[in-house]
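Here's the structure we're looking at; comments come further down.
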Amino acid sequence: MTRYDNALEIFHPVRASGGMVASEQVLASQVGADILQQGGNAIDAAVAVGFALAVVLPNAGNLGGGGFMLVREAKSASTYALDFRETAPSAATREMFLNDSGQVIPGKSTRTPYSVAVPGTVAGLTFAAKQYGSLPLARLLAPAIKLAEDGFIVSPVLAQQFSLQRKHLERWPSTKEVFFKRLPDSVDCILSECPSSSLTTYSAGERLLQPDLARTLRTIARLGADGFYKGEIAKRIVDTLSSTTRPMSLSDLEQYRVAQREPVKGIYRGVEVLSMPAPSSGGVHLIQMLNMLEGFPLSEYGAGSAQTIHLIAESARLAYADRAEYLGDPDFVKVPQRGLTSKVYANRLSANIQQNRATLSKQVRAGPAGDFESEQTTHFSVMDRMGNVVSCTYTLNLNFGSGIVARGTGVLLNNEMDDFSAKPGAPNAFGLLGGSANAIEPGKRPLSSMSPVIMLKDGQPWIATGTPGGARIITTVLQIILNTIDFKMNIAEALSMPRVHHQWMPDYLRIERGISPDTIQLLKDKGHEVRVMPTMGRVQTVQQQGHMFFGASDPRNPDGAAIGIESMQ
């Protein structure tokens, strides 16, 4: 007799035989799947997804931001880390966000032209296409151009974002022209000059057209990165930001370059974990925490248990204290990456973890990582049947970045200058503390938490994953890895579990709804201050097992989707 209930899994990933794409927006995922279907490789698909997200996910997808991309190239069996993080303009100074009394000026690093760092996304995506792609750039941009020109239907999720961020967006005349429309029967006015009472944001079900952005994308398709960093588009970016002073110059844009770096690597219970090096803190501290946790039998404690959550929090507390002390742009400061990712160093730190008592963060200081030294917003993941893999996280920083659209381009600009340390010990918008290693300097890349990850089993690609979420990216990705390796979950189950987060300062344990009251009480008994807060992360994961691909898009964002294609063989 056949049983009706014969499976253990509650959540199931998407399955396909020819390749897989997962992103935060179903339209962008479909673009990537179509490129794979047309014979493109994973890098082609990822580049197309990145440009498409700039159209259909305007609060995070971008041309005016920056990010990190891991590329696993099948031909060379090598993994490359592309750093297209934004850089501080040449006019930037260490004290630019401080008043005459040396105090941080509220909002200057997030809501003004001075908050905008030199964008890296266009350089990064075009570099990836040229180095590792197989299709012409114009073909990869064609779907994004069509979405911008013909428009797309605004989802309930995006409509809510427009509404929530209305005040942030309507401060700029050039932004009004893109994301607002006149109310029926309102006074006749030009959008950029309309009073707030005459405007409304787009509602779910309405079509958003972005003709200026379509023209910008056409220019990039024709001229490559030069079409963005030189000429008319560059001039419009600089002119939009300028008032009595010029926070950014044409030279800043023209001189921007992608940095190709070595991924950081770790081994967790036999699985190779590759991620981004500095100026991302994500990969370094992800591996640091995995090294600490490897000494504990998490599978015996169980997923979501008080003991497992306690150990995650304690390892994060130690790692984030190191983050504040050591991490910055390696082109400007010495970052002890080997020391921080050393298993010997992790063992020294984990020896101080009390299994039944939370440590007070005020008692925690950065460890002696140098003693062990020798000589990541949105995310998308792609795998193809040839063995190529991409894990990419890129960002505007906060929702809709600075809120400033460069007039006539449709390009929404970042506010990544907030990711520098405006003042040692002063928290940024995510509450993260930073030190002199992350101080502002011209040409420097701000510290990031973005953590794109590729995992290998027996030397072969197994999982690519990552997430947006600011300070919470590192702990979110950590829990995906623990769920798949320690707790044997499929990737859909792994990203559906409630999440927790600790970042040293401020000293509390943040959790999502869904963790039992009994577990919360046990955590409180250990000394944790527990706060139930909004959801964390929107993970996008793809996996290969044998000849099958699996994909999962985080249910925390109903707009996301994993889409696979079937093998044509």
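With N residues in segment 177-300, what two-decimal value do you get for its Cα radius of gyration over 2.2 N^0.38 Å?
Working: Rg = 23.8 Å, N = 124, 2.2 N^0.38 = 13.7 Å.
Output field value: 1.73.
To the nearest Å, what is the center-to-center distance of segment 135-214 and segment 224-248, using C-alpha atoms only?
22
Once neighbouring chains are kept in place and the probe is 1.4 Å, which whole percent of the accessible area of segment 17-133 is contributed by carbon and sulfur?
Using a 1.4 Å probe with all protein chains present, segment 17-133 comes out at 48 percent carbon and sulfur.
What ranking of His168, His379 comes out by heavy-atom accessible area, probe 1.4 Å, highest first?
Working: His168 30, His379 0 Å².
Ranked from most to least accessible, the order is His168, His379.
List every residue whose amide H lies under 5 Å from the amide H of Asn557, counting only residues 5 or more places away in sequence or on a different chain, with H placed 1.01 Å from N in the peptide plane.
Answer set, sorted by chain and number: none.
Skipping prolines and chain starts, which residues have an amide H placed within reach, meaning under 5 Å, of the one on Lys457, given they are 5 or more residues away or on another chain?
Trp462
Can you send over the solvent-accessible area of Arg531, 1.4 Å probe, protein chains only, in Å² to the nearest 10?
Counting only protein heavy atoms, Arg531 exposes about 100 Å² to solvent.
Find the all-direction average of the projected area of the Cα convex hull for segment 487-530, expressing the result in square nanometres with one decimal place.
Mean projected area for segment 487-530: 3.8 nm², to one decimal.
From the square roots a ≥ b ≥ c of the eigenvalues of the alpha-carbon gyration tensor of segment 509-569, which class results: rounded (a/c under 1.5), prolate (a/b over b/c), or oblate?
prolate
What's the carbon and sulfur percent of segment 492-561's accessible surface, probe 1.4 angstrom, rounded to a whole number? Working shown, then result.
Working: 1590 of 3010 Å².
Carbon plus sulfur share of accessible area: 53 percent.
Over the chain, average the accessible area per residue using a 1.4 Å probe and give it in Å², no decimals. Present the calculation step by step, with values, prior to reporting the outcome.
Details: 21790 Å² over 569 residues.
Ligands and nucleic acids excluded, the result is 38 Å² per residue.
Using a 1.4 Å probe on the protein heavy atoms, what percent of the accessible area of segment 264-303 belongs to carbon and sulfur?
In segment 264-303, the share of accessible area belonging to carbon and sulfur is 47 percent.
Heads up, I need the accessible area for Trp462: 1.4 angstrom probe, whole protein in place, Å², nearest 10.
The accessible area comes out at roughly 20 Å².
Distance between the C-alpha centers of segment 463-500 and segment 266-306? Whole Å please.
Value for the Cα centre distance between the two parts: 11 Å.
From the phi of every residue in segment 518-534, what ³J(HN,Hα) in whole Hz does the Karplus formula 6.51 cos²θ - 1.76 cosθ + 1.60 yield, where θ is phi - 60° and glycine or proline is x?
Per-residue couplings from phi come out as 4, 5, 4, 5, 4, 5, 5, 5, 7, x, 7, 8, 9, 10, 7, 9, x Hz.
Of the labelled options (i) 27.8; (ii) 22.2; (iii) 31.6, which one gives mean projected area of the Cα convex hull in nm² as computed for this structure?
Here the calculated entry is (i).
Return the sequence-ordered ³J(HN,Hα) values of segment 238-243 in whole Hz as given by the Karplus equation 6.51 cos²θ - 1.76 cosθ + 1.60 applied to θ = phi - 60°, using x for Gly and Pro.
In residue order, the calculated couplings are 5, 5, 5, 7, 7, 9 Hz.
Pop the C-beta distance of Ser17 and Gln38 into the FRET formula with R0 = 22 Å and round what comes out to the nearest 0.05.
Efficiency at R0 = 22 Å is approximately 0.85.
At a 4.7 angstrom Cβ threshold, list every cysteine in the chain that has nobody to pair with, or say none.
Singleton cysteines: Cys392.
Between segment 2-67 and segment 507-523, what is the C-alpha centre distance in whole Å?
Each part reduced to its Cα centre gives a spacing of 32 Å.
Using protein chains only and a probe of 1.4 angstrom, how many square angstrom of Phe296 are accessible, to the nearest 10?
Accessible area, nearest 10 Å²: 20 Å².
Along segment 359-365, what does the Karplus equation 6.51 cos²θ - 1.76 cosθ + 1.60 (θ = phi - 60°) give for ³J(HN,Hα), rounded to whole Hz, x for Gly and Pro?
My calculation for segment 359-365 gives 7, 6, 4, 5, 8, 9, 10 Hz in order.
Could I have the simple spin-label model distance between Lys75 and Gln363, label points 7 Å from Cα toward Cβ, reported in nm to one decimal?
So the two model labels end up 5.6 nm from each other.
By its C-alpha gyration tensor, with a ≥ b ≥ c as the square roots of the eigenvalues, how is segment 66-123 shaped: rounded for a/c under 1.5, else prolate for a/b larger than b/c, else oblate? Write down the numbers at each step before the final one.
Working: a/c = 3.89, a/b = 3.47, b/c = 1.12.
It is prolate, given that a/c is not under 1.5 and a/b is the larger ratio.
Any idea how far apart Glu232 and Asp188 come out in nm if each label point goes 7 Å out from Cα toward Cβ?
2.9
Could you tell me which of rounded, prolate or oblate describes segment 26-176, using a ≥ b ≥ c as the square roots of the eigenvalues of the alpha-carbon gyration tensor, with rounded for a/c under 1.5 and, failing that, prolate when a/b is larger than b/c and oblate otherwise?
oblate
For the pair Ile10 and Thr200, what calculated FRET efficiency results from E = 1/(1 + (r/R0)^6), where r is the Cβ-Cβ distance and R0 = 51 Å, to the nearest 0.05?
Efficiency, from the Cβ-Cβ distance: 0.80.
The values are calculated or read from the model by the stated rules, or taken from the named source; none is laboratory data. A quick note: this is a predicted structure, and the numbers were derived from the prediction, not measured. Backbone-built Cβ (ideal geometry, glycine too); neighbour counts: all protein chains shown. Areas reflect the complete protein model, heavy atoms only, side chains present, ligands, DNA and RNA absent. Shrake-Rupley method; radii C 1.70, N 1.55, O 1.52, S 1.80 Å.
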